Amino acid sequence: MSVVYTDLGRIAYADALERQTAAFEALLRAKAAGGGSGGRLFFCEHLPVITIGRSGKEGNLLVSEALLSERGISLYRVSRGGDITYHGPGQITGYPVLDLDCWRMGLKQYVHTLEETVIRFLTIYGIRAGRLDGAAGVWLDAHRTDGRARKICAIGVRSSRYVTMHGFALNINTDISCFSLINPCGFTDRGVTSLANELGAPQDFELAKEQMRDLLMEAFPPVHRL
C-alpha cells in the first residue's frame with residue numbers, strides 16, 4: 001500500500017474540501033470492507049480563505065464577514081481540530097487522507113510526525129524550528145515570552161477510525177499581513193511568519209512543494225499488509 005500524491009494547484013477551499021472529503025469517505029468505506037490503500041496526499045494553494053475549526057471562537061475573527069467579502073476572502077467553519085487560521089496563495093496546504101493503521105500510528109504520533117516533517121523541511125533552509133507545548137504546529141523561537149514566538153505552520157486534523165483528513169498549512173511566500181484579520185490559532189501574544197519573511201526574499205514555491213512532498217513520502221513509506 002502506498003500514498004498517492006495529487007497537486008491540486010491553486011483552488012477554492014470548497015473545491016479542495018470536496019476532493020479530500022470524497023477520498024476520506026472512500027477510504028473509510030474500503031477500510032470497513034477489509035480493503036483499501038494507504039491513502040492520498042493532496043497539496044494545494046487556496047484562494048484567500050479563513051477557516052474556523054471545531055474549537056474555534058468567533059471572537060478570534062477580528063473583522064466582520066462583510067469586510068472579508070469586500071476583500072475577496074471566504075469564511076468556512078470546518079470539522080478539523082484547532083481554532084482559526086488563514087489560507088492563501090504562497091502557502092503549501094497539505095491534506096493527507098491516510099489510514100494510520102497501515103503505519104501502526106495513533107493520532108498523537110501522527111500530528112508529531114507532521115510537525116517533525118515540517119521541522120526537517122525547514123532545516124533545508126537553515127531554519128531551526130520546534131514545538132510549543134499544548135499548541136499543535138511548528139514554531140520559531142517557540143518558548144520566548146516577549147512576543148517573538150511565531151508560527152510558520154498550522155496543523156489541524158480530523159480522524160475517524162484512524163483515517164485522517166484536513167492537515168497542515170505551511171507558509172512559504174504567504175502574505176502574512178492577512179493574519180492581522182484574526183487571532184491566529186487563537187493566540188494574541190504570538191506572531192506568524194513565512195519562509196520568505198525569515199529569509200528576506202520570496203522562495204521557489206514549486207521547489208518547496210517538491211521538498212515537502214518527498215519528506216512526507218519518506219514519513220509514510222509504502223507498506224505491505226500481512
### Message
For log10 I(q)/I(0) by the Debye sum over Cα atoms at q = 0.09, 0.11, 0.16 Å⁻¹, pick the label among (i) -0.43, -0.61, -1.10; (ii) -0.55, -0.75, -1.17; (iii) -0.34, -0.52, -1.12 that corresponds to the value derived from the coordinates.
### Response
(iii)
### Query
Using alpha carbons only, how many degrees (0 to 90, rounded to 10) separate the axis of helix 13-32 from the longest principal axis of the chain?
30
### Query
Ratio of the stretch 55-103's C-alpha Rg to 2.2 N^0.38 Å, to two decimals?
1.50
### Message
Between S64 and A33, what is 0.36 nm times their sequence separation minus the Cα-Cα distance? Round to one decimal in nm.
### Response
6.6 nm
### Task
Figure the gain on full extension for T6 and E18 (residue separation times 0.36 nm, minus the Cα-Cα span) and round it to one decimal in nm.
2.9 nm
#### Entry: the chain - charge dipole about Cα centre, Lys and Arg +1 at Cβ, Asp and Glu -1, debye rounded to 20
660
### Task
Kindly state, as a whole number, the per residue volume in cubic angstrom of the convex hull around the alpha carbon atoms of the stretch 110-184.
113
### Message
Can you compute the modelled spin-label distance between D204 and R128, with each label point 7 Å from Cα toward Cβ, in nm?
### Response
2.7
### Query
How far is helix 205-219 tilted off the main Cα axis of the chain, in degrees rounded to 10, range 0 to 90?
40
### Query
aspartates and glutamates within cross-link reach of K151: Cα-Cα under 20 Å, excluding same-chain residues under 8 positions apart?
E45, D83, E115, E116, D133, D141, D175, D189, E198
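Readers should treat all values here as calculations from the given coordinates under stated rules, not as data from a laboratory. Here the structure is a predicted model, which means the values were calculated and not measured. Backbone-built Cβ (ideal geometry, glycine too); neighbour counts: all protein chains shown.
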